[in-house]
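Asks: Questions regarding the structure given below will be posed in turn.
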Amino acid sequence: MKKTIVMCTALCAIFLACSNEEDATATPTDLSSTVEFENLKLRTAQRFDDKLNAKLENDPEFALKYAENEAFIKAYSKAEEEKAKSGKSNLPIFTIKVVVNNIFRSRPLPMELIEGQIERLNEAFRGRLSGPSGLPSNAERFNAGDTRIRFELDEVNFRRNQRRFTNNTDLYARSTGGINPTLPGRRLNVYVADLIVASDFEIGIVGDGAFPGEGDPEFDHVFVDALAFGVRPGNGRLNEGKVLAHEIGHYLNLFHLPGRRTESCRFDDAVGDTPNSSTLYFGDVNTGRSTTSCGSQDMYWNFMNNTDDSEIFMFTNGQRNRMRATLDPRRGLRRGLTNAR
Ligand SMILES: [Zn+2]
């Protein structure tokens, strides 16, 4: 495994500190309030849905590519379901090489935290996690277990920067204070920055994943706020390394469980084995409160819901097929990752 660590030099740090000193008055966001916390997760989810809906409405070329790809995924998923029924399913392992780009103010992410996050991704995608007690008795019914997708840390880049970011997209290029992606299209570039704690970005989000074909390959990213990156001691909300698994779900073509719009049972996530749902879940849901919509039990323990880290732990077979179709070495929109050397 090639692993490169690039560290911004002290000279570069001084230059950046001098050119961007705007964060001195920032007040840290108080996420100890449940309402604030759930608003943050709600904004994060809405931001993804709104961005994708706007792209579909305003970019006919993207809309066409999207429709063609949906037809491919449908055929791919059907073929996989047939193979599984006849016991002929033989899924090769798809390995994704990951580059972590960390833009930080005072302290870079420790290497152990980065390595622990990659390990957690492998646990999540290889079906090695279990859910909390108290889930409905059929919760595991559609659990894909091992998706046969694995992650390998390939490179870590650090940049110290004191500037006040007003959006997360500025992180994706050196010219706007961030880090240029490494081998775009062939590496999964994960960006991590501490925007929420610094209250940079008043409408902060906890993470973001580019939908396949959504943007320029150079900006084909996944973002996670440092608050939600890695596996750390904590209250189970954001500290178990699951936000990144959720954002990578989007990056590999998964929607939230209610689909691109939550207001109606008419929209769904284009996955056959996730129940139709009209609501996203936030916070600690596994408390006996009602968790049904559209006439069925909602899968609040699925990675593509927005429940606390401590409650989400699985993808379904249908979600696995969508993600694997996206990585298919011949036709997948992200085949560059699968074929990369
Ligand atoms: Zn999301």
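Asks: Right, R320: among the basic types (K, R), in a loop (DSSP other than H, G, I, E, B) and either away from the ligand (no atom under 16 Å from the Cβ) or more than 21 Å from A124 (Cα to Cα) (or both) or not?
Replies: no
Asks: Please find, among F48, F37, F72, F62, the residue that is modelled with pLDDT under 90 and either of a type in the set (A, V, I, L, M, F, W, C) or not in a loop (DSSP other than H, G, I, E, B) (or both).
Replies: From the options F48, F37, F72, F62, the qualifying one is F37.
Asks: Suppose we filter the stretch 232-266 for residues that are in contact with a Phe, Trp or Tyr (Cβ under 9 Å, 6 or more places away or on another chain), part of a loop (DSSP other than H, G, I, E, B) and either modelled with pLDDT under 95 or within 12 Å of the ligand (Cβ to nearest atom) (or both); how many remain?
Replies: 11
Asks: Test each condition in (1) among the aliphatic types (A, V, I, L, M); (2) touching a residue at least 12 places away in the same chain (Cβ under 8 Å); (3) in a helix (DSSP H, G or I); (4) within 19 Å of D273 (Cα to Cα) for L135 and report the one that comes out false.
Replies: With respect to (1) among the aliphatic types (A, V, I, L, M); (2) touching a residue at least 12 places away in the same chain (Cβ under 8 Å); (3) in a helix (DSSP H, G or I); (4) within 19 Å of D273 (Cα to Cα), L135 is out only on (3).
Asks: Based on this model, can you work out whether A79 counts as within 16 Å of the ligand (Cβ to nearest atom) and either acidic (D, E) or assigned to a helix (DSSP H, G or I) (or both)?
Replies: The answer is no for A79.
Asks: In this structure, is R107 assigned to a strand (DSSP E or B) and more than 16 Å from the ligand (Cβ to nearest atom)?
Replies: In short, no.
Asks: Another question, if that's okay. Between residues in the stretch 207-227 that are more than 11 Å from V192 (Cα to Cα) and residues that are away from the ligand (no atom under 16 Å from the Cβ) and of a type in the set (F, W, Y), which pairs lie under 6 Å by C-beta distance while being six or more apart or on different chains?
Replies: What qualifies is F219/Y172.
Asks: Regarding L121, is this residue among the hydrophobic types (A, V, I, L, M, F, W, C), surrounded by fewer than 19 Cβ atoms within 10 Å (Cβ to Cβ) and under 19 Å from the mean Cα position of the chain (by Cα)?
Replies: No; evaluated as a whole, the condition is false for this residue.
Asks: For F219, only one of the following conditions fails: (1) within 12 Å of the ligand (Cβ to nearest atom); (2) surrounded by fewer than 24 Cβ atoms within 10 Å (Cβ to Cβ). What is its number?
Replies: With (1) within 12 Å of the ligand (Cβ to nearest atom); (2) surrounded by fewer than 24 Cβ atoms within 10 Å (Cβ to Cβ) applied to F219, the lone miss is (1).
Asks: Another question about this same structure. Somewhere in the stretch 291-302, is a residue closer than 30 Å to T95 by Cα, under 16 Å from the mean Cα position of the chain (by Cα) and within 16 Å of the ligand (Cβ to nearest atom)?
Replies: Among the residues of the stretch 291-302, at least one is closer than 30 Å to T95 by Cα, under 16 Å from the mean Cα position of the chain (by Cα) and within 16 Å of the ligand (Cβ to nearest atom), which makes the answer yes.
The values are calculated or read from the model by the stated rules, or taken from the named source; none is laboratory data. In this text, all values refer to a predicted model and were calculated from it rather than measured experimentally. Reconstructed Cβ throughout: ideal geometry from the backbone, glycine too, with neighbour counts over all protein chains shown.
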